[in-house]
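S.K.: Here you go, one structure.
The values are calculated or read from the model by the stated rules, or taken from the named source; none is laboratory data. This one's a predicted model, so the numbers in the text were calculated from it and none came from an experiment. Note that we place each Cβ from the backbone using ideal geometry, even for glycine, and neighbour counts take in every protein chain shown.
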Amino acid sequence: MAAGASGSYAINGVELLQPTSGRWLPKSPVGVSGDGHAIYSGVREFEIKWQLTAPSDVYQVQTFFNAITNTGTVVVDLPRFAYSSYEFYSYSGCVLREPEQDVYFSEYQTDILLLVTNIRT
């Protein structure tokens, strides 16, 4: 991992349209130790959402996914996890889930969701 230089959401150095929201998802326990402590995965997930998006912006996100589909990874600039200030950080080795989208509104697509997984913080 290295400090991100973009200062905004980006995939492989290409800035994305500013999302409506972004959040670190809580880890779910994958098990419980013999003494009752939760056991968590070593990786995190981050959710990026856009409420109303032009088809060209959805195409950009879908293209990133298509390029890495089953075997590739990307570097994603996200707000740094649990840090003392709001700054972006480049997380390498990330995997993208296929972007989800809801209905069309006029010429725009609504409720676009991109899940970034395999993030080592």
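S.K.: Out of all the residues in the range 38-51, which are modelled with pLDDT under 95 and outside any strand (DSSP E or B)?
M.R.: Scanning the range 38-51 gives SER41, GLY42.
S.K.: Against the definition (farther than 17 Å from ASP111 by Cβ and assigned to a loop (DSSP other than H, G, I, E, B)), how does PRO26 come out, yes or no?
M.R.: Working: farther than 17 Å from ASP111 by Cβ: yes; assigned to a loop (DSSP other than H, G, I, E, B): yes.
In short, yes.
S.K.: Output the number of the condition that THR63 fails; it satisfies all remaining conditions of (1) free of Cβ contacts under 8 Å to residues at least 12 places away in the same chain; (2) farther than 17 Å from ILE119 by Cα; (3) in a loop (DSSP other than H, G, I, E, B).
M.R.: Status for THR63: all satisfied but (3).
S.K.: List the number of the failed condition for GLU47; all other conditions in (1) in contact with a helix residue (DSSP H, G or I) (Cβ under 9 Å, 6 or more places away or on another chain); (2) surrounded by 13 or more Cβ atoms within 10 Å (Cβ to Cβ); (3) over 15 Å from ARG120 (Cβ atoms) hold.
M.R.: (1)
S.K.: A further question follows. So, in the range 98-114, of the ones that are assigned to a loop (DSSP other than H, G, I, E, B) and in contact with a helix residue (DSSP H, G or I) (Cβ under 8 Å, 6 or more places away or on another chain), which residue ends up nearest to VAL61 (Cα to Cα)?
M.R.: For the range 98-114, the residue satisfying everything is PRO99.
S.K.: So in the range 11-40, with the set limited to residues that are among the hydroxyl-bearing types (Ser, Thr, Tyr) and surrounded by fewer than 13 Cβ atoms within 10 Å (Cβ to Cβ), which one is nearest to the chain's Cα centre (by Cα)?
M.R.: SER21
The rows are residues; the columns are (1) under 18 Å from LEU16 (Cα atoms); (2) aromatic (Phe, Trp, Tyr); (3) modelled with pLDDT of 95 or more.
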| residue | (1), (2), (3) |
| --- | --- |
| GLY31 | no, no, no |
| GLY36 | no, no, no |
| ALA54 | yes, no, no |
| GLN60 | yes, no, no |
| THR63 | yes, no, no |
| ASN66 | yes, no, no |
| ASP77 | yes, no, yes |
| SER90 | yes, no, yes |
| LEU115 | yes, no, yes |
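S.K.: Checking the structure you have, find out if any residue of the range 19-38 is within 15 Å of LEU113 (Cα to Cα) and of a type in the set (Lys, Arg).
M.R.: yes
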